[in-house]
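Read the figures in this text as sums done on the coordinates, not as results from a lab. Because the structure is a prediction, the values reported are computed rather than measured. Quick reminder, even Gly has a Cβ in these numbers, built from the backbone with ideal geometry, and neighbours come from all protein chains shown.
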Amino acid sequence: MTGERSPILSEVRATLGIAAPLAAANLAQMAMGITNTIMVGELGAAPLAAAGLGGMLFYMMAMLCQGVLTAVAPLAAHAIGADDHPTAGRVAGAGLIVAAALALPVIAILTAIPWLLGALGYEPVLATEIGNYLRMIRWGAPAFLGFAVFRFLLVASFRTRVVMLVPLCAIPVNAALNWVLIFGHFGLPAFGSAGSGCSTAIVQ
């Protein structure tokens, strides 16, 4: 009986060893989003709505593109399992090329969205605020997708603690950049909700 349970317990431990850091990384991403919301909320309803809708549009498009890049994980895992690390490296390199190619339409679409919102009848003030936010955060798309490739490669090589540590370290950096860019400190102008988008792009 003990012999039967040991392999199962080993599999559970191995799964938790991979899944727990990934869950922590996702929570850290959520923590950064909450930080953005709290700090932009100090500016009022319109900036908060702009940051909320702009952030949703950015992450919706980025996550759709990230879905294409998930192919890196099984392909790299297969290569690493066969002890063929050069092939795993080539898979990651190809993933970065695809990520760069996907980032271009994301940037283009986010650039065009403010005009689309105006055509759909959004209030000019809100459409402008969303446009300012998207003009900043769109430049984070290449890094977001590039990090996704490295994340899948690290998951394939069972090095998920790195995936966890990077977002955890980014939380205080994101908060500090928000404070500086949203409200205008250290001689910089106050960008408002666009400052939050700029902060997110820099952290990416």
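Tabulated data
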item	result
Scattering profile of the chain at q = 0.12, 0.13 Å⁻¹ [log10 I(q)/I(0), Debye over alpha-carbon scatterers]	-0.69, -0.78
Degrees between helix 72-81 axis and first principal axis of the chain (Cα, 0 to 90, nearest 10)	20
Stokes-Einstein D in µm²/s, Kirkwood radius over Cα pairs - region 109-204 at 10 °C with 1.306 mPa s viscosity	106
Relative contact order, percent, the chain [alpha-carbon distance under 8 Å, six or more residues apart]	31
Per-selection metrics, region 18-78 (Cα): Rg and Dmax in Å	15.5, 50
Residue of GLY121, GLY146, GLY54 that the Gaussian network model of the chain assigns the largest fluctuation, springs spanning Cα pairs under 10 Å	GLY121
Cα→Cβ-extended label distance, 7 Å offset, between VAL125 and ALA176, nm	3.5
All-pairs alpha carbon distance profile, region 155-204, 5 Å steps from 0, percent	5, 22, 23, 16, 11, 9, 7, 4, 3
Charge dipole magnitude, Cβ of K and R +1, D and E -1 - region 47-204, Cα centre, debye nearest 20	200
Gyration tensor (Cα) of region 108-160, equivalent ellipsoid semi-axes in angstrom	35, 9, 8
Between helix 2-41 and the chain: long-axis angle, C-alpha atoms, 0 to 90°, nearest 10	10
Low-density loop cleavage sites - trypsin sites (Lys or Arg not before Pro) in region 136-177, where at most 15 other Cβ are within 10 Å (DSSP)	ARG159
Rg over Rh [alpha-carbon atoms, Kirkwood Rh] for region 1-109	1.14
Label point 7 Å beyond Cα of SER157 along Cβ direction - residues of region 87-103 with amide nitrogen under 18 Å	87-97
Stretch gain in nm, segment LEU9-LEU116, where the contour uses 0.36 nm per residue and the Cα spacing is subtracted	33.1 nm
Between 0 and 90°, nearest 10: helix 160-183 axis offset from the chain longest Cα axis	10
Rg(Cα)/(2.2 N^0.38 Å) for region 68-145, N = residue count	1.59
